[in-house]
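Here is the structure we will look at, set down as structure tokens.
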Amino acid sequence: MNETSSQVKLAPAIPDGGLLRLRPIDRRRLQNFKANSRGYWSFWIFMALFLLSLASNFIANDKPVLAYYKGELLFPIFKDYPEEKFGGFLARTDYRDPTIEKEIEANGWMIWPPIHYSYDTHNLDLPTPAPSPPTWLLTKAQCEAAAAKKLGPEKAHLGCSAIEWNWLGTDDQGRDVVARLLYGFRLSVLFGLILASISSIVGVAAGAVQGFFGGWVDLVFQRFIEVWSSLPQLYLLIIVSSFLAPGFFVLLGILLLFSWVSLVHVVRAEFLRARNFEYVNAARALGLSNFRIITRHLLPNATVATLTFLPFVLNSSITTLTSLDFLGFGLPPGSPSLGELLLQGKSNLQAPWLGLTGFVIIALMLSLLVFIGEAVRDAFDPRKTFR
């Protein structure tokens, strides 16, 4: 008996949860997630890009991060100073104005972000008419002409080294494409995260009520969802967007009208499956309220199914926002939108850098989210978790 037991191959010990203090099953899921190399590295690449975009104001801005003027330390990136502080007369200071720049440098110093453009900064000294190509694609003659225009004919020989670079060119209004990509990535992900979070809360609550109570409640809710889901969402979104003033939160509210449905069926199925389990009946027999049974005993099981869908819900939210922006029914004009950049690429086929950069960023972002979603789905797959 002892020999037979000693020959049984035991499963490897689960490593300690470390600082996170995870349960054994969660540690196993984390291991499964890490085992999916494509999803694991996609997660870190996506997080790096998202964190980089969160710091957009410090990377691409038309205001200095820090300035020192006549003995006073200024923070232009956080506070708008009137131009009269530097001898001008405008309500807001244009720090790219050569006069203001010389005045501050004569009485102090400035620390600029790596890119001297914000998403809405219009470059008035373009070497070619907008949309201007990336600076590294300019010819020597174009660079010398731009340098002569900015610094005078005697400095024309400095060429491209004397002008401000637009690494990926400008759009049709002379705005830097890199800055718009940075701010656009941040806006798209934040919009998607907020929409996915609120949609999940509403969808999980609706699915939980349906699945737990069943009967007429489930029947009425199900018929309503079937009718609501059959509505042509895109056309309704376009109609509503056309008579409501576009804005971040208005668009969020409009999209929320339809996006919450995506998780209802998953949560409802989980609750219908688990509502008659023994531990639920035991909780009822002990006199626990329905709310307590739902939140403490049934919802944790349904959360697993919900988590596997979240990356795809986020992906869908970003795609919808990009589509509406591309069609002209999305965010207000001037917003750093990736969909608007694609639209500009379509309208300016002579400027391929617009469409290509927008396409590459959107494709990269959505691909990373899909890979992460697949890894999360595998991590929570019970066939892999309990093998």
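The values are calculated or read from the model by the stated rules, or taken from the named source; none is laboratory data. Since the structure is predicted, the reported quantities are computational estimates derived from the model, not experimental observations. Note that we place each Cβ from the backbone using ideal geometry, even for glycine, and neighbour counts take in every protein chain shown. Just so you know, the surface numbers come from the protein's heavy atoms only, side chains and all, with ligands and any DNA or RNA stripped out. Shrake-Rupley method; radii C 1.70, N 1.55, O 1.52, S 1.80 Å.
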Of the residues in the range 44-71, those that are of a type outside the set (A, V, I, L, M) and farther than 17 Å from GLU103 by Cα come to TRP44, PHE46, PHE50, SER53, SER56, ASN57, PHE58, ASN61
Qualifying positions in the range 48-87 - aliphatic (A, V, I, L, M), closer than 13 Å to ILE104 by Cβ and surrounded by 13 or more Cβ atoms within 10 Å (Cβ to Cβ): LEU66, ALA67, LEU74
Quick test for you: out of SER197, SER241, pick the one residue that is touching a Gly at 6+ places or on another chain (Cβ under 8 Å) and either under 30 Å from LEU368 (Cβ atoms) or open to solvent by 60 Å² or more (accessible area, probe 1.4 Å) (or both). SER241
Hey, can you tell me all the residues within the range 284-343 that are open to solvent by 20 Å² or more (accessible area, probe 1.4 Å) and among the acidic types (Asp, Glu)? GLU340
Flag if SER188 is closer than 27 Å to ILE45 by Cα, of a type in the set (Ser, Thr, Tyr) and at pLDDT 90 or above: yes
Of the listed residues (VAL220, VAL209), the one being β-branched (Val, Ile, Thr) and farther than 24 Å from PRO300 by Cβ is VAL220
For the subset of the range 93-123 comprising residues that are aliphatic (A, V, I, L, M) and out of contact with any strand residue (DSSP E or B) (no Cβ under 6 Å at 6 or more places or on another chain), which member is surrounded by the most Cβ atoms within 10 Å (Cβ to Cβ)? ILE100
Right, PHE309: farther than 30 Å from TYR40 by Cβ and either in a helix (DSSP H, G or I) or out of contact with any His (no Cβ under 6 Å at 6 or more places or on another chain) (or both) or not? no
Which of the residues spanning the range 295-319 are within 19 Å of PHE371 (Cα to Cα) and not aliphatic (A, V, I, L, M)? THR306, THR308, PHE309, PRO311, PHE312, ASN315, SER316, SER317, THR319
So, THR357, is that one modelled with pLDDT of 90 or more, among the polar types (S, T, N, Q) and either out of contact with any Gly (no Cβ under 9 Å at 6 or more places or on another chain) or open to solvent by 10 Å² or more (accessible area, probe 1.4 Å) (or both) or not? yes
Test of understanding: among LEU90, LEU137, LEU126, LEU158, which residue is at pLDDT below 90, open to solvent by 20 Å² or more (accessible area, probe 1.4 Å), touching a Gly at 6+ places or on another chain (Cβ under 6 Å) and not hydroxyl-bearing (Ser, Thr, Tyr)? LEU126
Filter the range 166-179 down to the residues that are open to solvent by 10 Å² or more (accessible area, probe 1.4 Å) and either aliphatic (A, V, I, L, M) or part of a helix (DSSP H, G or I) (or both) and list them by number. LEU168, VAL178
